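Down below is the structure, laid out as structure tokens.
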Amino acid sequence: MRYLERTGPWQQLISLKPRVATIEEISLVHTKQYISEVKALASKGGGQLDLDTIVSSDSYDVALYAAGGTIQAVDAVMDGSLDSVFALVRPPGHHASTGGGMGFCLFNNVAIAVTHILHKYKLERIVIVDFDVHHGNGTQDVFYTNPGVLYVSTHQSPHYPGTGRVDQIGEGEARGTTVNIPLPSGCGDEEYNQVFEQIIVPAIRSFDPKIIVVSAGYDGHWSDGLAGMQLSITGFAQITGIIKQLADELCDGRLVFSLEGGYNLTALSASVRATFEVLLGKEDIEDKLGQLPLEVKVPNITGLMQLIKGIHGIH
Ligand SMILES: [Zn+2]
């Protein structure tokens, strides 16, 4: 936020003060037992949910704000008061499933906000695009049997958390409404562009959503220490442009981003800034970090893309 304030485009944005999510709202996705478990852990001073998911004494309250802020974002877009909103929240959410948190995630902000839309506005078709470098196993689980939500994920594979295979496509009536695109380490702007243009755009067009919600993780940047992709700030701007165009074309521009990963703070802040600039219609996006300053072999993903197109009937 300091970077956005200092370099723009903060002055062109409207900021919303987040509220806490209610227990009823959190329990749209999570069990009461798990919610109490996180609350109890925080109130005794903190602890760990798993090896990498630490809860401090403030984490429970902060996680309620993260979920509440994402709900406010979807409400502002649904009631038409704002065109698009980016919920700049932490902790992230996409690894958290109904009964437990993991991978830095306590409550699944995006899954809660999307379930809130389904209940409050009775929308029939919602798309979640998850471009975090990790697979959103929690989000996939929550909507795996729900034909009203198309979950599309690009993620590094093999990598944490190990889910998100191409043949995980949803169940029952929801077969085909989970689209997993597990990519080998080393993919960059060009590979992501191909995947979006050839798989994600046609999949979302044929689903014809009323709103698009994005699990926006920036840990695919080449400088990020948690994964091995080669995306640049320019790449994140391209991805944002493609998603924005789809939202304009299919759902009157209704678009919500919620922050997931991204652990190099320089790359994260600059990539989030690029995202805002694209949403504001700017075309010439500054990339102060440029491309990975090394020659790295780029994997060939042609066969993988053919396989995924075949599974989902995309021609
Ligand atoms: Zn991640």
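The values are calculated or read from the model by the stated rules, or taken from the named source; none is laboratory data. It should be emphasised that the depicted structure is a prediction, and the values quoted were computed from it without experimental measurement. Counting neighbours? That spans all protein chains shown, and the Cβs are built from the backbone with ideal geometry, glycine included. Heads up: the accessible areas ignore ligands, DNA and RNA and are worked out on the full protein's heavy atoms, side chains in. Shrake-Rupley method; radii C 1.70, N 1.55, O 1.52, S 1.80 Å.
Yes/no matrix, rows are residues, columns are (1) without any contact (Cβ under 8 Å) to a residue 40 or more places away in the chain; (2) surrounded by fewer than 24 Cβ atoms within 10 Å (Cβ to Cβ); (3) away from the ligand (no atom under 16 Å from the Cβ):
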residue: 50; (1), (2), (3): no, yes, no
residue: 59; (1), (2), (3): no, yes, yes
residue: 62; (1), (2), (3): yes, yes, yes
residue: 66; (1), (2), (3): no, no, no
residue: 78; (1), (2), (3): no, yes, yes
residue: 89; (1), (2), (3): no, yes, no
residue: 93; (1), (2), (3): no, no, no
residue: 97; (1), (2), (3): no, yes, no
residue: 111; (1), (2), (3): no, no, no
Practice prompt. Mind counting the residues in the stretch 121-137 that are in contact (Cβ under 8 Å) with a residue 12 or more places away in the chain and away from the ligand (no atom under 16 Å from the Cβ)?
Written response: 6
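Residues are listed down the side, and each one gets a yes or a no for (1) open to solvent by 10 Å² or more (accessible area, probe 1.4 Å); (2) modelled with pLDDT of 95 or more; (3) basic (Lys, Arg); (4) not in a loop (DSSP other than H, G, I, E, B):
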{"position": "129", "(1), (2), (3), (4)": "no, yes, no, yes"}
{"position": "134", "(1), (2), (3), (4)": "yes, yes, no, no"}
{"position": "142", "(1), (2), (3), (4)": "yes, yes, no, yes"}
{"position": "158", "(1), (2), (3), (4)": "yes, yes, no, no"}
{"position": "162", "(1), (2), (3), (4)": "yes, yes, no, no"}
{"position": "176", "(1), (2), (3), (4)": "yes, yes, no, no"}
Worksheet item: How about the stretch 144-156: which of its residues are in a loop (DSSP other than H, G, I, E, B) and either within 18 Å of residue 30 (Cβ to Cβ) or within 16 Å of the ligand (Cβ to nearest atom) (or both)?
Response: 144, 145, 146
Discussion item. Considering only residues that are free of Cβ contacts under 8 Å to residues at least 60 places away in the same chain and of a type in the set (Lys, Arg), which ones fall in the stretch 192-222?
Written reply: 205
Response to the item:
Considering the stretch 165-185, residues that are away from the ligand (no atom under 16 Å from the Cβ) and among the polar types (S, T, N, Q), and then whichever is farthest from residue 75 (Cα to Cα), we arrive at 168
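Yes/no per residue for (1) closer than 21 Å to residue 33 by Cα; (2) of a type outside the set (A, V, I, L, M); (3) over 17 Å from the mean Cα position of the chain (by Cα):
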| residue | (1), (2), (3) |
| --- | --- |
| 50 | yes, yes, yes |
| 53 | yes, yes, yes |
| 68 | yes, yes, no |
| 79 | no, yes, yes |
| 89 | no, no, no |
| 92 | yes, yes, no |
| 107 | yes, yes, no |
| 118 | no, no, yes |
Item to complete: Check residue 265 against each of (1) aliphatic (A, V, I, L, M); (2) touching a residue at least 40 places away in the same chain (Cβ under 8 Å); (3) within 26 Å of residue 7 (Cα to Cα) and name the one condition it does not meet.
Response: (2)
Fill in: Count - residues of the stretch 128-172 that are over 14 Å from the mean Cα position of the chain (by Cα) and of a type in the set (Asp, Glu)
3
